[in-house]
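First up is the structure itself, then whatever we jot down about it.
Only the coordinates and a few stated rules stand behind these numbers; no lab work does. These numbers come from a predicted model, not from an experiment. With ideal geometry, Cβ positions are generated from the backbone for all residues, glycine too; neighbour counts draw on all protein chains shown.
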Amino acid sequence: MNPNSEIYNLRVNGKMHEVRDSWVGESLLYVLRERLNLPGTKGACEQGECGSCTVIMDGQAVCSCLVMAATAIDSDICTVESLSVDGTLTEVQDAFVTEGGVQCGFCTPGLVVAIEHLLSQNPDPSEIEVKEAISGNICRCTGYGRIFEAVDKAVSIRKAKTS
Amino acid sequence: MVEINFNHRKPTDVIALRRLDELKSVHIDAKKSLVTIGAGLPYQQMEHGEIAQYIPALAQAARTVGSPQIRSAGSIGGNLGTCSPAGDALPVLSALDATVNLQSADASRSVSVHDFMVGVKRNARLPGEIIVSTTLPIVSGWQGYAKVGVRNAMVISVASCCLVVDRTNGTITVALGAVGPTIIRCRETESWLASQIDLKTKATVSPNLLQEFGDRIANESKPIDDHRSTAAYRRHAVCVLARRLLTRANSQ
Amino acid sequence: MSSATQTSIRRDVLGTSALRPDGAAKVQGRFEFSSDLHAENMLWGATLRSPHPYARIVNIDLSAAYKITGVEAVITAEDVPGKKTYGLISSDQPVFAQDFVRYVGEPIAAVAADHPETCRRALAAIKVEYEVLTPLTDAELAIQPTTPPIHPDGNIIRRQQIITGDQALQSEIIVEGTYEVGMQDQAFLGLEAALALPESGGKGIEMYVATQWLHEDQKQIAACLDLPCEKVRLTLGGVGGAFGAREDISLQVHCALLALRTSRPIKMQYGREESFYGHVHRHPAKIFIRHHASRNGEIQRIEAKLVFDGGAYASTSSAVLINGITHIQGPYRCPNATIDGYAVRTNNPPCGAMRGFGVVQACYAHESQMDKLAVACGLSPVEIRLRNAMVTGDKLITGQVIESVAPVARCIRETDAIAMPAPLSRTADPLEIVGGSGLTSLPHNIVRGVGWGVSIKNLMYSETFDDFATARCQLKDGVATLKYATVEVGQGFVVLAPQIARSVLGVDEVVLDTVDTGIGSAGSTSASRQTWMSGGAVDGACRLVRQRLFEHVGKKYNIDPLRLTIEDTDVVDMIGDFRISVTEATAGVLIDETYEHHHRPTEELDENGQGNCHVAFAFVAHRAVVDVDVELGLVKVIQIATAQDVGRVLNPTAALGQIEGGIAQGLGLAVMEEIVLDNGKMRNPSFTDYLLPTALDAPTVVAVMIEEPEPQAPLGAKGIGEPPCISVTPAIAAAIRNATGKELPRVPIRPQDICF
């Protein structure tokens, strides 16, 4: 593959990563997975219609399949890999496991990122606010019931911790 | 980016506008009652705050765009650049007679949104121009937006409608999305309704008038059959949406 | 007499909501799906597909592709060393099209290159000359003998009749209808991907695949590669959902061929659009059905003609048809039947397994009919169903006696007992109203409707197929290690298997060995069979180990093994005082047993459709509450109430997850999911226009699990995966009919179907 762009740097999960020999059309999703060894973010549609590729970019939840990686320099990117430190699950992650919010798990990273983002902006969301916040994350296995339970549980635990 | 992912477009040189704050700005000109919205302002930021206050129909339309992730990144510039007749914000721009502000290396110009939207995915942007912003008036009166989709979230519009009542001037504007090659302004129906009732007041519209209003709106639409819906349904949908929006306009 | 106090430590045994062992990895993004796998020195593979639904291949010119820098291999049918075709039932599907292409998307060639972009350029450089032919896209036309065959095997994949009882009976009440079910797609999120690692010398291959059945893949791949099965070693890569779409081979043979050709590892993966083209779909079906009933609503006879459009290649169409026709009576008594069923070949996209497997289509027809019958007899939807509800001992129209537990009436009654949802509030949030943020509707535009659906579903494979499952259990130092080839697609076998071991052996720590072809077949993860079959195999292996454990302990401590039992984590003498922990009893001792679980044999159907062709059955009832904006034809499903015959709940959270997930898929088929075809071409192979239910479309689900243990089932538990998606679809349709008064003979129901 002929290099088609200059070397550029991306700040991902607090670290600078160098990207070289890339093709200019590569999405951020592709670069994260195939060049930066961060395969936690998943791709299921390449169109922004499923949310599996959700990452946080400059404090906003976006679909990384719709971001041209080379334009994301100077942005702060956080992926699912940044959530659990030393393998300790966040309350959201733990609740997903305990409440049955995970079946095949393909939508899970995108969902967890979207929910962590929601709760960082709105720690006590209503049922409707939760549903709207994850309306861009498709899950084909669970029918969402256990996912709603997981969010409820995470919210309760966090509220208990902060009170 | 979708086109690149799908191998339909192969860029070799790209200029990214992401970091230009000017493209994300909102400017309110209180004296002229105008709002200028940067072409790169994410939809999410239109759902609340100043834009929701001054242009509620745009806030409503913004909330229907894609998903929260899409709304974090998608913008009016995207809707204008793509110029699909199903673009969610476009009926609002049309109903408000927005202007599109363009900039090239040596010149800038403003074009009425009606002249900017030329056809299906075709606009009047010249090579070398970027869409900088769009300017919309602050109107005194009710405005609202409604969009039909087959699912309760994240849908491409099957039919949409924006209705704006200008109580100061006694006029009404109605714009339709996804029922023609570009956004349709129902000018004939607008002038017909203005001749039937006094739009400066919130008078109840009689059932007969409401019925005829909807039929006239439907007659001005030019929908097609496609894999998302049928022409007959779309015509019916805009009729219903227009009636409901007019009822809401007069019921507060 | 044992004097030990019961420990109050909660152990993750059967009946508890034990946690998935892969859950922590999945929530951190560390779980490796097959698309996450890489190998040193690997190349990427990609497939060239037909743009035509039916055409003769005149010429294939690969030369320009070879000239592109980075391209290492270009292969076509000529490069398939072994069998040129494959298939689950009949091998009628070419690895690469040779003389004809028969569906849009049919593979013609594949390339291997250094970057996916190079692959795309290489594919674009291959020039194929076609003689475009007129596609056969009408399933009814495919039945006509005058229609030219589009395949050497002919246009009728299978025809089967069921002739039972009085063929001339006419009843006082007769209702009929023609019902259609559109083409649904499994749309699993974890896109197809595989990694193939060739053995040096090219005499063997190792592959990581995401499939539903490792051994079936192995068999088909080996035949095409002209290698013995032992030289095709498959390991399960993480699977991101399946729902039937992974039963058929998709990219496996292509990936393997490229690896053997280049002598380098090959990674292949599909994007979403290619995925739509690359796997089978649910059979669209057209079903004419006529019910004869007595005045008081008792079904006396059914006549039906079922036509399933199998698309270009046979896949499992034959079995899908049999499921459809043998379930057309529904969970109701029916003494007389005249059924004619066809699975046909067309140039539409190939169809095969999808959750429900032919019964979804039949159920839509029979449940729509039950409501018509109710009206004709002056009964409520609940009464008509209760009046005809099957019990154990009743016969199917095939003559097979239902020996399974059959709590049909109980399913209906317990569903009926579930509280209705609160009415839509006048001040409801827009997102709670039909149309959501689209602000189309206000509460006064909404009409609420209620509808019912009840279903029967067979479990395991049928018509003499011995879909056995194998498992191996090793016990040492208080740790059990399980080995099996059972594919985990998300359904939760990875949590069930350890629960079984804990319950049987009294261990807490259970290690799951790699899932690969290094052990005997587990059969397919489909047909609601793995809990019964693989669960039975694990249970059987653990019991063998436990027996040996008792013999070992008995010998060492001079106790008759028959007196020994497992209590909590101890081996205990039921009559004496002896007690020893399993850990201590197995210190330094390895016990190793392998077990094959077979279900009882089944029969073929004779020419009159008579025979005991199924193993066992499960039942379920659904009640749907929907809100409809009648003027705009928009629907929001508010609540699904269900009571499902599960036999025994082995893991409550996992079971509820299967129920809720299945309901979402049935909801999709009812109101939004359809592959739209235009003369054989898919109009909507993308998530923009193939719509899946989002979180804002999900109804409240209230589920009751009816536990009447199934004596035939090794753990007393029936399969639960499919029933939730079957009768929910007609229940939703019935609710929309209730709200609108429209006949709605077709699903998915679109706004225009309601408005006009």
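Quickly work out the C:Asp61-to-C:Gln161 label distance, labels modelled 7 Å from Cα along the C-beta direction, and quote it in nm with one decimal.
According to this spin-label approximation, the distance is 5.4 nm.
Aspartates and glutamates within cross-link reach of A:Lys161: Cα-Cα under 18 Å, excluding same-chain residues under 8 positions apart?
The qualifying aspartates and glutamates are A:Glu91, A:Asp94, A:Glu116, A:Asp124, A:Asp152.
Report the FRET efficiency, 1/(1 + (r/R0)^6), for B:Ser191 and B:Ser108, where r is their Cβ-Cβ distance and R0 is 41 Å, rounded to 0.05.
Plugging the Cβ-Cβ distance into 1/(1 + (r/R0)^6) gives 0.80.
Starting with the highest mean, order A:97-105, C:744-752, B:95-103 by the number of other Cβ atoms within 10 Å, averaged over the residues of each peptide.
A:97-105, B:95-103, C:744-752
Only residues of segment C:78-120 count here: report those whose backbone N is under 13 Å from the spot 7 Å along Cα→Cβ of C:Glu131, or say none.
Label zone hits: C:99-101.
Run the quick spin-label model on C:Val702 and C:Thr69: label points 7 Å from Cα toward the beta carbon, then report their separation in nm to one decimal.
Calculated label separation equals 6.8 nm.
If you take the Cα Rg of segment B:178-227 and divide it by 2.2 N^0.38 Å, with N the number of residues, what do you get?
That works out to 1.35 for segment B:178-227.
Please list, in order, the residues from segment C:251-290 whose amide nitrogen is less than 16 Å from a point placed 7 Å along the Cα→Cβ vector of B:His8.
In segment C:251-290, the label zone of B:His8 (backbone N under 16 Å from the point 7 Å along Cα→Cβ) covers C:272-274.
Need one value for C:631-641: mean number of C-beta atoms belonging to other chains within 10 Å of its residues' C-beta atoms.
3
Which distance in Å, rounded to a whole number, links the C-alpha centroids of segment B:193-210 and segment C:586-609?
Computed from Cα coordinates, the inter-centre distance equals 77 Å.
Once you have the alpha carbon radius of gyration of segment B:143-249, what is it after dividing by 2.2 N^0.38 Å, with N set to its residue count?
Taking N as the residue count of segment B:143-249, the ratio is 1.04.
Roughly how many whole Å is it from the C-alpha centroid of segment A:1-66 to that of segment C:686-756?
38
At a Cα cut-off below 12 Å, give the aspartates and glutamates reachable from C:Lys555, other chains included and same-chain residues fewer than 8 away excluded.
Candidates past the 8-residue exclusion: nothing left.
DSSP loop GluC sites (Glu not before Pro) in segment C:1-81 with at most 16 other Cβ atoms within 10 Å of their Cβ, which ones?
Of the GluC sites (Glu not before Pro), the ones in loops of segment C:1-81 whose Cβ has at most 16 other Cβ atoms within 10 Å are C:Glu32, C:Glu40.
How large are Rg and Dmax for chain A when calculated on the C-alpha trace, in angstrom?
Rg then Dmax for chain A, in Å: 16.3, 57.
Once you have a ≥ b ≥ c as the square roots of the Cα gyration tensor eigenvalues for segment C:466-583, tell me rounded if a/c is under 1.5, and otherwise prolate or oblate according to whether a/b is larger than b/c.
Cα axes put segment C:466-583 in the prolate bin.
For chain B, compute the orientation-averaged projected area of the C-alpha convex hull (one quarter of its surface), in nm².
Computing the convex hull of the Cα atoms and averaging its projections yields 14.1 nm².
So which chymotrypsin sites (Phe, Trp or Tyr not before Pro) in segment C:213-279 end up in coil per DSSP with only 11 or fewer other C-beta atoms within 10 Å?
Sparse-neighbourhood loop chymotrypsin sites (Phe, Trp or Tyr not before Pro): none present.
Set the Förster distance to 30 Å, then compute FRET efficiency between C:Arg120 and B:Asp226 from the Cβ-Cβ distance, nearest 0.05.
The calculated FRET efficiency here is 0.65.
Among B:Cys161, B:His227, B:Thr189, which residue has its Cα furthest toward the positive end of the charge dipole of segment B:151-228, with +1 on Lys/Arg Cβ and -1 on Asp/Glu Cβ?
So the residue furthest toward the plus end is B:Cys161.
What are the lysines whose alpha-carbon lies under 26 Å from the alpha-carbon of B:Lys32, with same-chain residues fewer than 8 places away excluded?
B:Lys24, B:Lys200, B:Lys202
What number comes out for the charge environment of B:Leu209, summing +1 per Lys or Arg and -1 per Asp or Glu over other residues with Cβ under 12 Å away?
Around B:Leu209, the charge tally is 0.
Would you mind checking A:Lys15/C:Lys483; C:Lys26/C:Lys718; B:Lys222/C:Lys127 for any pair whose Cα atoms are more than 32 angstrom apart?
A:Lys15/C:Lys483; B:Lys222/C:Lys127
Would you calculate the convex hull of the Cα atoms in segment C:34-185 and tell me its volume per residue in Å³?
Dividing the Cα hull volume of segment C:34-185 by its residue count gives 196 Å³.
Rounded, prolate or oblate: which fits segment C:217-260 when a ≥ b ≥ c are the square roots of the eigenvalues of the alpha-carbon gyration tensor, with rounded for a/c under 1.5 and prolate only if a/b beats b/c?
prolate
As a test of the formula, what do you get for chain B when each DSSP H run with n ≥ 4 contributes -39,500 (n - 2.57) and the sum is divided by the residue count, at 222 nm and rounded to the nearest 500 deg cm²/dmol?
About -9500 deg cm²/dmol.
Which FRET efficiency value, to the nearest 0.05, is calculated for C:Arg683 and C:Ala587 with the Förster distance at 51 angstrom and r the Cβ-Cβ distance?
Computed FRET efficiency for C:Arg683 and C:Ala587 comes out at 0.20.
Less than 12 Å Cβ to Cβ from C:Ile339, Lys/Arg counted +1 and Asp/Glu -1: what total charge do the surrounding residues give?
Charge balance in the 12 Å sphere: +2.
Only Lys, Arg, Asp and Glu count, each charged at its Cβ (+1, +1, -1, -1), so figure out the dipole size of the protein assembly as shown about its Cα centre, rounded to 20 debye.
Once rounded to the nearest 20, the dipole reads 1920 debye.
Which whole number in µm²/s is D for the protein assembly as shown by Stokes-Einstein, with the Kirkwood Rh taken over Cα pairs at 20 °C and 1.002 mPa s?
Stokes-Einstein gives a translational diffusion coefficient of 68 µm²/s.
To the nearest whole number, what is the average tally of beta carbon atoms from other chains within 10 Å of the beta carbons of peptide A:36-45?
6
Could you tell me which of rounded, prolate or oblate describes segment C:550-693, using a ≥ b ≥ c as the square roots of the eigenvalues of the alpha-carbon gyration tensor, with rounded for a/c under 1.5 and, failing that, prolate when a/b is larger than b/c and oblate otherwise?
Prolate, because a/c is 1.5 or more and a/b exceeds b/c.
Expressed as a whole number of Å, what is the distance separating the alpha-carbon centroids of segment C:341-359 and segment C:512-585?
41
In what sequence, highest mean first, do C:427-440, C:635-648 appear when ranked by Cβ atoms within 10 angstrom?
For the peptides C:427-440, C:635-648, the packing ranking is C:635-648, C:427-440.
Summarise the partner chain shielding of C:85-94 as one whole number: the mean count of Cβ atoms from other chains within 10 Å of each residue's Cβ.
Rounded to a whole number, the mean comes out at 0.
For the pair A:Asn122 and C:Arg563, how long in nm is the line joining their label points, each one 7 Å along Cα→Cβ?
Label-label distance for A:Asn122 and C:Arg563, simple model: 6.7 nm.
With a sphere of radius 12 Å drawn around the Cβ of C:Lys483, what net charge do the other residues whose Cβ falls strictly inside it have (Lys, Arg +1; Asp, Glu -1)?
Net of charged neighbours comes to -3.
How big is the antiparallel share of DSSP beta bridges in the protein assembly as shown, given as a percent to the nearest 5?
80
Which of B:Leu90, B:Leu199, B:Leu163 moves most in a GNM of chain B, Cα contacts under 10 Å?
Of the options given, B:Leu199 has the highest mean-square fluctuation.
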